[in-house]
1. Return yes when Ala718 is within 28 Å of Ile616 (Cα to Cα), aliphatic (A, V, I, L, M), modelled with pLDDT of 95 or more and in contact with a Pro (Cβ under 6 Å, 6 or more places away or on another chain) and no when it is not.
2. What tally of residues in region 371-406 results from selecting those that are within 16 Å of Gly360 (Cβ to Cβ) and out of contact with any helix residue (DSSP H, G or I) (no Cβ under 8 Å at 6 or more places or on another chain)?
3. Would you please name the residue that is nearest to Leu557 (Cα to Cα), looking only at residues in region 802-819 that are outside any loop (DSSP other than H, G, I, E, B) and among the charged types (D, E, K, R)?
4. Looking at (1) away from the ligand (no atom under 16 Å from the Cβ); (2) buried (at least 23 other Cβ atoms within 10 Å of the Cβ); (3) within 29 Å of Ala814 (Cβ to Cβ), which is the one condition that is false for Val582?
5. Got at least one residue in region 779-789 being within 21 Å of Glu620 (Cα to Cα) and touching a Pro at 6+ places or on another chain (Cβ under 6 Å)?
6. For residues that are of a type in the set (D, E, K, R) and over 25 Å from Val805 (Cβ atoms), tally how many sit in region 725-757.
7. Only one of these conditions is not met by Thr47: (1) touching a residue at least 60 places away in the same chain (Cβ under 8 Å); (2) under 22 Å from Thr525 (Cα atoms); (3) polar (S, T, N, Q). Which number is it?
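The values are calculated or read from the model by the stated rules, or taken from the named source; none is laboratory data. Since this is a predicted model, take the numbers as computed values, not measurements. As a convention, Cβ positions derive from the backbone with ideal geometry for all residues, glycine included, and neighbour counts pool all protein chains shown.
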Amino acid sequence: MIRQYLHDGWQLTAATNEVPDNIRGRTVPAAVPGSTHLDLLASGLITDPFLDRAEEELAWMHRADWRYSTTFLAATARPGQRADLVFDGLDTVATVELNGHVAGQTANMHRGYRFDVREFLVDGGNDLTVSFSSALAHAEKVEAALGSRPHVNAHPFNMVRKMACSFGWDWGPDLQTAGIWRPVRLERWHTARLARVRPIVTVAGTTGQVELHVDIEWTPDAAENLTLLITLGAHKRTVIVPAGQTTVVARVDVPGAELWWPAGHGEQPLYNLDVVLRGESERLDSTAKRIGFRTITVDTTPDEHGTPFTVVVNDRPLFVKGANWIPDDHFLTRITRERLVRRVDQAVAAHVNLLRVWGGGIYESDDFYDVCDERGVLVWQDFPLACAAYPEEEPIRGELEAEARENVARLMSHASLALWNGGNENLWGFADWGWPEQLDGRTWGLGHYDELLPGIVAELDPTRFYCPGSPYSPVDGLHPNDEDHGTRHDWHVWNEAGYEHYRDHVPRFCSEFGFQGPPAWATLTRWIHDRPLTPDSPSFLAHQKAEDGNGKLARGLAARLPLPARFEDWHWATQLNQARAVGFGIEHFRSWWPRTAGAIVWQLNDCWPVTSWAAIDSEERLKPLWYGLRHAYAPRLLTFQPRGDRLVLVAVNDHDEPWDAHLTLDRQTFRGVTLHLTRLRRTVPPRSVLCLDLEDALLQPANDDAEVMVATTAEARAILPFREDVELAYDPSPLTAQAQAVRGGYEVEVRAGSFARDVAVLADRVAPDAVVDDSLVPLLAGEVRVFHIRTDAVVDPAAFTDPLVLRCANDLRAVPDVR
Ligand code: BMA
């Protein structure tokens with residue numbers, strides 16, 4: 001096998017006249033892999049699509065057609081040799097021509113294409129063109145042919161196999177990309193090649209087992225017997241492949257295999273699996289994968305509460321501390337392995353042990369799953385189907401089948417891959433969003449979720465759990481979002497209700513819930529230049545995509561925190577409230593373990609600068625929510641929760657070791673006068689939850705607007721005032737602080753004269769690269785905390801104690817409220 005990558009010399013030209021004057025007839029250098037927006041940006045022909053309201057100016061690109069072309073040097077194919085033009089990904093509707101001959105046509109960005117171009121190759125320069133036509137126009141044509149189906153947002157993304165959020169989402173821009181988005185190469189081979197290699201990995205007792213399924217493609221005239229050499233760590237196997245045999249199944253056992261564990265529960269040993277196909281005299285083809293030995297199941301055995309959804313790894317049931325993942329940049333080809341490493345590391349640092357690759361995005365790159373394997377992050381993979389009814393007719397069915405087969409086979413080797421899921425909110429949409437009337441009997445995708453996709457998983461990747469959708473109730477006749485059965489999404493909080501309503505439900509598994517907040521200040525002000533900058537200024541609004549998003553932010557603050565007039569305070573208040581809301585939900589869900597077996601917050605990351613549910617913004621900055629996640633997902637957690645009509649203290653121990661907790665419980669005034677104090681010692685068994693009754697003397701304040709309840713151990717602390725912030729009589733400026741330069745950054749020593757809630761150093765306001773080690777820290781009267789800030793910037797240290805940088809919840813009481 002000779003692989004010749006064809007990434008050089010590409011040029012891009014608009015293929016229609018319906019483009020702006022400065023682009024019509026122009027040819028510009030093109031990046032491959034890449035996309036039209038990025039090429040035009042690099043040539044200075046468009047404004048950066050993320051800037052202010054540039055997205056609107058670029059709407060013409062939805063309907064544009066493009067031609068990519070290059071010339072590469074090659075020789076004609078020798079007799080008996082195959083020459084395939086292989087595209088790992090084309091976005092999306094394309095015609096591929098080599099030297100004027102049509103090699104093939106495509107309409108699915110989620111799969112690869114292999115075209116036999118033996119007949120078209122010439123000696124010397126070969127002209128390759130890829131002509132893209134508008135994916136939107138294609139989708140509209142399919143819609144006209146098959147009949148329309150309900151979908152969220154403006155465009156019929158459900159009519160073309162292209163990333164749904166390409167067409168805009170409630171956190172994403174409507175910038176419809178086109179381009180050669182994954183590698184392209186010429187593959188020359190003879191005799192045979194490895195068409196597909198599928199390791200089915202299990203553990204039996206202490207033996208790791210790999211059942212390797214290898215599909216071989218032969219040239220028609222090949223007549224020799226071949227050898228397959230399999231190397232797994234120190235274990236080797238050789239299998240003879242008789243001429244013409246297209247499948248081989250081989251078993252390799254690894255006695256005493258080291259087990260792979262999710263982060264927080266053990267190590268992530270990975271074994272190299274190399275497969276080589278040899279002819280009599282030469283190596284014909286090879287592939288390398290990495291596997292890990294573990295078992296992952298989802299326990300759905302009915303119990304006294306209904307039907308659980310408990311992820312079990314190596315026989316150990318785990319509480320899933322999850323986050324939903326969206327494409328990490330709207331322009332997918334900018335997502336490097338390094339960027340993915342940083343993002344997954346940020347997730348792990350917040351104690352996240354599962355990422356759900358959400359159905360409005362893509363099957364991610366190999367790098368993504370490699371990094372998750374290495375870091376011990378479980379992956380829940382949605383098939384890319386979201387918030388819409390999908391036709392079960394051609395061409396959608398055939399394309400979905402082709403992409404699912406390819407991607408199941410591509411990803412199944414990964415130790416981190418925990419489960420396949422049919423799609424996002426499509427079952428819910430049918431049940432609740434008025435689809436049956438709109439569909440009028442047309443197909444909507446049930447066959448995909450109940451037959452096509454589970455059939456493919458069972459055939460190709462039989463050890464992996466398949467779930468038809470999220471949310472999903474595994475009991476016939478029940479609503480997909482039933483709290484007692486399977487998974488649930490809680491969007492009542494945020495859309496209609498305050499976050500206290502998370503406590504109205506005890507779901508078996510909450511696979512989506514979340515609350516919005518703006519991006520970090522440095523991110524916001526780099527991309528949005530409104531003067532004045534307000535939540536309603538035009539560019540800011542262009543980066544707030546949620547329906548009535550600002551209204552929901554305002555209602556979310558109501559009754560809790562002031563609704564500040566000054567933008568800087570609004571920014572802080574809404575970021576803080578986002579973190580509080582999600583932390584509140586997580587603590588509630590964790591307190592119900594094992595009945596509630598997981599929480600997957602919406603959402604970890606962003607794909608452009610936007611007000612969204614994300615914990616990490618598009619410039620990789622940690623929003624206060626990220627720190628909130630890290631607190632709420634900490635392996636050992638103390639939280640006050642209602643049980644019956646009283647509050648109890650819940651101690652959550654996620655470790656595999658018991659927690660010998662020496663507890664101090666006290667009630668004290670904001671000024672630090674202790675009014676009640678008890679000490680006790682309790683052991684919380686591994687991976688379990690202990691509820692502790694509390695004495696009246698702790699629970700009943702003398703002044704409910706000026707006291708807190710505190711539970712402390714060496715590893716965890718819970719602090720709870722008796723009322724909402726707007727009703728508390730706390731000091732609006734309780735902090736004194738000093739900052740100094742240290743190696744690698746700055747230190748800010750903060751002292752609380754009286755109770756200070758959610759102390760934060762918004763360090764990126766001082767230097768865009770500055771990162772603080774902790775945030776949203778409560779300080780009791782008299783406590784001192786040193787915040788460590790990492791930055792390369794040289795600044796006056798006092799900048800970190802500026803009132804717009806060093807903040808706490810209290811200070812919002814000092815600012816004018818617009819209500
Ligand atoms: C859920 C998700 C996304 C959406 C989010 C916030 O429906 O699946 O579609 O972005 O809510 O509205």
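1. No.
2. The qualifying residues number 3.
3. From region 802-819, those outside any loop (DSSP other than H, G, I, E, B) are 806-807, 809-814, 817; that's our starting set.
Now narrow it down to the ones that are among the charged types (D, E, K, R): 807, 811, 813, 817.
Numbers: Arg807: 17, Asp811: 15, Arg813: 13, Asp817: 11 Å.
For region 802-819, the residue satisfying everything is Asp817.
4. (1)
5. First pass over region 779-789, keeping only residues within 21 Å of Glu620 (Cα to Cα): 787-789.
Next cut, touching a Pro at 6+ places or on another chain (Cβ under 6 Å) only: none.
Scanning region 779-789, I find no residue that is within 21 Å of Glu620 (Cα to Cα) and touching a Pro at 6+ places or on another chain (Cβ under 6 Å), so the answer is no.
6. Of all residues in region 725-757, those of a type in the set (D, E, K, R) come to 725, 727, 731, 743, 747, 749, 751, 757.
Remaining after also requiring over 25 Å from Val805 (Cβ atoms): 727.
Summing the residues that are of a type in the set (D, E, K, R) and over 25 Å from Val805 (Cβ atoms) in region 725-757 gives 1.
7. (1)
Residue by residue, here is whether (1) within 23 Å of Phe513 (Cβ to Cβ); (2) within 16 Å of the ligand (Cβ to nearest atom); (3) at pLDDT below 95 holds:
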position: His305; (1), (2), (3): yes, no, no
position: Phe319; (1), (2), (3): yes, no, no
position: His330; (1), (2), (3): no, yes, no
position: Gly359; (1), (2), (3): yes, yes, no
